[in-house]
2 protein chains.
Amino acid sequence: MTDVSIIGIGQTAVGEHWETSIRHLAWYAIEAALDDAASTDVDALFVGNMLAGELSRQDHLGALIADFSGLRGIEAVTVEAAEASGGAALRQAVLAIKSGLVQTALVVGVEKVTDQTGNAAVTALGTGLDGDYEAIHGLTPAGAAALMMRRYMHDYGVTLADFAGFSVNANANAAGNPLAMFRNQLKPGHFTAAAPIADPVSLFDMAPLGDGAAALIVTSTERAMDMVPWPVRIAGSALATDRLALHDRRNVLWLDAAERSARQAMAAAGVGPDDIDLFELHDAFTVLAALSLEACGFAPAGQGWQLARDGEIGRTGRIPISTFGGLKARGNPVGATGVYQVLEVVRQLRGQAGDCQIPNATTGLAQNLGGNGATAATHVLAI
Amino acid sequence: MTDVSIIGIGQTAVGEHWETSIRHLAWYAIEAALDDAASTDVDALFVGNMLAGELSRQDHLGALIADFSGLRGIEAVTVEAAEASGGAALRQAVLAIKSGLVQTALVVGVEKVTDQTGNAAVTALGTGLDGDYEAIHGLTPAGAAALMMRRYMHDYGVTLADFAGFSVNANANAAGNPLAMFRNQLKPGHFTAAAPIADPVSLFDMAPLGDGAAALIVTSTERAMDMVPWPVRIAGSALATDRLALHDRRNVLWLDAAERSARQAMAAAGVGPDDIDLFELHDAFTVLAALSLEACGFAPAGQGWQLARDGEIGRTGRIPISTFGGLKARGNPVGATGVYQVLEVVRQLRGQAGDCQIPNATTGLAQNLGGNGATAATHVLAI
């Protein structure tokens, strides 16, 4: 079976791009990725996006972005799986390359959330939850995370302060990433004193929404070897789902989809948690970071938070996470986030992570969640 | 390379399903398809949908529908390419099966457009056009079709009445399809006298929007042979794009994406236009029917309308189209339409088309357009 590799990466800063339209935002990332691969020979485009229809009145991004990027005519579609849209778009590109029908695919995650004022973005994000049983009653992703966090604290005897390490680590790492939204230092005391968003989730617990775009170019490993000096192999790829509504899940404190897709991706790559040098996980909320570490085999149930307390998620720890700031501090451009995560692992494995570099990283994991874990797209990358 | 076949089909009537939620609508089609294949062994779900986020406040349909259909946990995503979302979802399923990573895939196209009153659906449909250069100035899909139709009439010296044959044929065929929206007979005089929507596009020129869902189950042809007595082979599959904005196209009267994807799909199947026994084309407007016939090689430029005038698109004509009523009379459930088209070809090739049957059909073509031709997904089916 065809082996798949990444030969080009590109990204914009995450933040408030008031003067940049969604097509321009996508193009800046694509241009950088095409430059990086030194090739414009692309057959297919997979766009990861969740909210353009609702927030920018623009669907049909496949045809729009292909045309605007000078790739007029190529196969192009949008892939949506709520906040996991970026990871899901990469998954489709992997399937396309492995099918043999597509030779080189471009994946772009793009999201523009700041064009609307007030609560528009938060309301739109609620469409990723169960509309009839959750969102219509006012539940938001932050509200859902608050329910999970409160239950975590109750079941495992953990306090709010015990989650601080995740946010402190994310901001510390973002300090080395000029494209991150928040590069200021965060102290544990800041975390516990932050304004509540949906108690116990607070301002410094929650990843900030931002505009952004990130792009990847993937092709068969065989072709990649001839094209670039540093192809990064997609050694494992999987996507799984769970029940959408929190109240329907087997266990609200266990991310079934995260576990299953991580197990499948790691099995395909022939690696286990001990082989992973860094993990770009979906830290939209600190409780999701803890639950992701547990679901993917880095800690037993109820003990993911201890990795943060003990400094094991830092650059020199047992399992470095959010090495460029994660969603928490790099920023969360929703449907683009999954592509940023994979791009960041690629930079680490190429040794191009600058101040964020994890020494000697050869194997990395990226996991993108949608609907607080109802979809999980997981990729193992290796050199 | 793995060959792909369809082993199960299911659909709901197209119409106003006031009392059925989007998840139920999808499930009814899925249930019928699983029954038809006599198997619930499915690995992956590809949902074709355009407007659920905007009209039903529900994104993340992959996880939602997988769960609600008793397929909890499987890989599931939404694929969007405006009105071509259904065809694009099938295309992803084909790539997935050919990749070898997915054994059996379920494709469901689903759309619920009647939950909102007033112009909500029409405004939402405008998100499939170029937002910054077309929709923001008030252009709608019907308005864009009107510009194309007026230009067609001008360039080729054709009158409004010359398009009547398309609508007359569609309604005549729908009379044999109990699941169609409009089964009444239409006379040429009705067509020319109909109320204008966007002159020269009139009420009887334009396909009615409706709620609906259609499902397909696809697997490798090798497996299919063991599972069902009547697998239908996907002999060719292609998706191509064109510039989104009409004013940017090379020629507003030539559907580049339709031509390219049809050529690719027919080449893969080793057939040409003369081998096609029926053609489910995207007759959202009569001018699109004429242009699709031309782009796919059934008539020279400017002469597609003559096939309608000469009765060559009827059941016994040279190239039967819209055999169950097409978008015009079966109804147009937007993101589900492309799946309906393929399902209808399957029914013809199985000899299960009832009153709509084309005698001895062995090869059929289905083409789903988005944004008046900016995306085209084309499939050749054969037994």
Over all distinct Cα pairs, what is the inverse of the mean 1/r for the stretch A:122-263, reported as the Kirkwood hydrodynamic radius in Å? 18.3
Roughly what would the spin-label model give for B:Thr20 and A:Thr316, points 7 Å off Cα along C-beta, in nm? 6.3
Quote the charge dipole size of chain B about the Cα centre in Debye, to the nearest 20; the model charges only the Cβ of Lys and Arg (+1) and of Asp and Glu (-1). 460
For B:Lys187 and B:Trp254, what is the calculated FRET efficiency with R₀ set at 25 Å and r taken between the beta-carbons, to the nearest 0.05? 0.20
Can you give the net charge of the other residues whose Cβ lies under 15 Å from the Cβ of B:Ala120, counting K and R as +1 and D and E as -1? -4
For the stretch B:240-309, what does the alpha-carbon gyration tensor say about shape, rounded, prolate or oblate, given a ≥ b ≥ c as the root eigenvalues, a/c under 1.5 as rounded, and a/b over b/c as prolate? oblate
Using only Cα atoms, locate the centre of the stretch A:104-126 and the centre of the stretch B:135-200, then give the distance between them in Å, rounded to an integer. 36
Assign unit charges at the C-beta atoms only (+1 for Lys and Arg, -1 for Asp and Glu), then state the dipole size of the stretch B:1-149 relative to its Cα centre in Debye, rounded to the nearest 20. 100
Which of the DSSP-defined H helices in chain B satisfy a minimum axial length of 15 Å, computed from C-alpha atoms, and a minimum mean Kyte-Doolittle hydropathy of 0.0? B:22-37, B:85-99, B:164-174, B:337-350
Quick note on B:Leu147, A:Leu281, ordering by fewest other C-beta atoms within 10 Å, gives B:Leu147, A:Leu281
Peptide A:365-376 - average C-beta neighbours from other chains (10 Å radius): 2
Based on the alpha-carbon gyration tensor of the stretch B:332-383 and its eigenvalue square roots a ≥ b ≥ c, which shape applies: rounded if a/c is under 1.5, prolate if not and a/b is larger than b/c, or oblate? prolate
Within the stretch B:202-227, find all residues whose amide N lies under 18 Å from a label point positioned 7 Å from the Cα of B:Asp41 along Cα-to-beta-carbon. B:217-227
Once each part is reduced to its C-alpha centroid, what is the distance from the stretch A:1-25 to the stretch B:51-76 in angstrom? 26
Counting only other residues whose beta carbon sits under 14 Å from that of B:Gly354, what net charge do I get with K and R as +1, D and E as -1? +3
Taking the Cβ of A:Ala257 as the center, what net charge do the other residues with Cβ under 14 Å away carry, scoring Lys and Arg +1 and Asp and Glu -1? -1
First check a/c for the protein assembly as shown, with a ≥ b ≥ c the square roots of the eigenvalues of its C-alpha gyration tensor; if it is under 1.5, answer rounded, and if not, answer prolate when a/b is larger than b/c or oblate otherwise. prolate
Taking the Cα centre of each part, how many Å lie between the stretch B:255-279 and the stretch B:301-345? 15
Kindly give Rg over Rh for chain B, based on alpha-carbon atoms, with the Kirkwood expression for the hydrodynamic radius. 0.94
Is it possible to state the helix-based mean residue ellipticity at 222 nm for chain A, with each DSSP H run of 4+ residues giving -39500 (n - 2.57), the sum divided by total residues, to the nearest 500 deg cm²/dmol? What is it? -10500 deg cm²/dmol
On average, how many beta carbons from a partner chain sit within 10 Å of the beta carbon of a residue in A:239-247? 6
Rounded to the nearest 0.05, what FRET efficiency do A:Asp226 and A:Asp355 give with R0 = 25 Å and r taken as the Cβ-Cβ distance? Could you check? 0.20
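For the stretch B:1-135, report the translational diffusion coefficient in µm²/s to the nearest whole number, using Stokes-Einstein at 20 °C, 1.002 mPa s, and a Kirkwood Rh over Cα pairs.
In µm²/s, the coefficient is 138.
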Treating only Lys and Arg (+1) and Asp and Glu (-1) as charged, each at its beta carbon, one finds that the stretch B:181-261 has a dipole about its Cα centre, in Debye to the nearest 20, of 140
Which one, A:Val339, A:Ala301, A:Ile319, projects farthest toward the positive side of the charge dipole computed for the stretch A:300-350 from Cβ point charges (K/R +1, D/E -1)? A:Val339
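Read the figures in this text as sums done on the coordinates, not as results from a lab. Only a predicted model underlies this, so the values are computations on that prediction, with no experimental measurement involved. Neighbour counts are summed over all protein chains in view; Cβ atoms, including those assigned to glycine, are modelled from backbone coordinates with ideal geometry.
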